Amino acid sequence: MNRIGERMREYRRSIKMTQADFASRLGVTGAAVSAYETGNRLPSYEVLVKIANILGVSTDALLGRQSADRVVVDVTSLTPRQRSLVQDMVEEFAAGNRRGDAL
């Protein structure tokens, strides 16, 4: 059973991305993406990291070592101030969820 490929396909489909679009963003062929998803080929470490970044999940989630509910957001293009504001917002939402006053 190819759990990495299954997870990759599930995450890709959840963001409504085609194999062709995914391959283009990943910098590989559509055949390579198909081979990853069917288990005929495993991605290299570098490609696995790219896959996780594109899909917005951690490599642990792809490998089945972490809950699929955890989402990773790439904030590398933000300024330190913007990153701080995003972190503050996430913490405020989490606190609201714990109190039961979620949006």
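The number of residues in the range 26-46 being surrounded by 15 or more Cβ atoms within 10 Å (Cβ to Cβ), in contact (Cβ under 8 Å) with a residue 12 or more places away in the chain and either assigned to a helix (DSSP H, G or I) or in contact with a Pro (Cβ under 7 Å, 6 or more places away or on another chain) (or both) comes to 5. Scan the range 52-70 and tell me whether some residue there is in a loop (DSSP other than H, G, I, E, B) and of a type in the set (Asp, Glu). The answer is yes, given that some residue of the range 52-70 is in a loop (DSSP other than H, G, I, E, B) and of a type in the set (Asp, Glu). Within the range 75-86, is there a residue that is part of a loop (DSSP other than H, G, I, E, B), more than 19 Å from MET17 (Cα to Cα) and at pLDDT below 85? So far as the range 75-86 goes, yes, one or more of its residues are part of a loop (DSSP other than H, G, I, E, B), more than 19 Å from MET17 (Cα to Cα) and at pLDDT below 85.
The values are calculated or read from the model by the stated rules, or taken from the named source; none is laboratory data. Every value quoted in this text rests on a predicted model; they were computed, and no experiment measured them. Methodologically, a virtual Cβ is constructed for each residue, glycine included, from the backbone with ideal geometry; neighbour enumeration extends over all protein chains shown.
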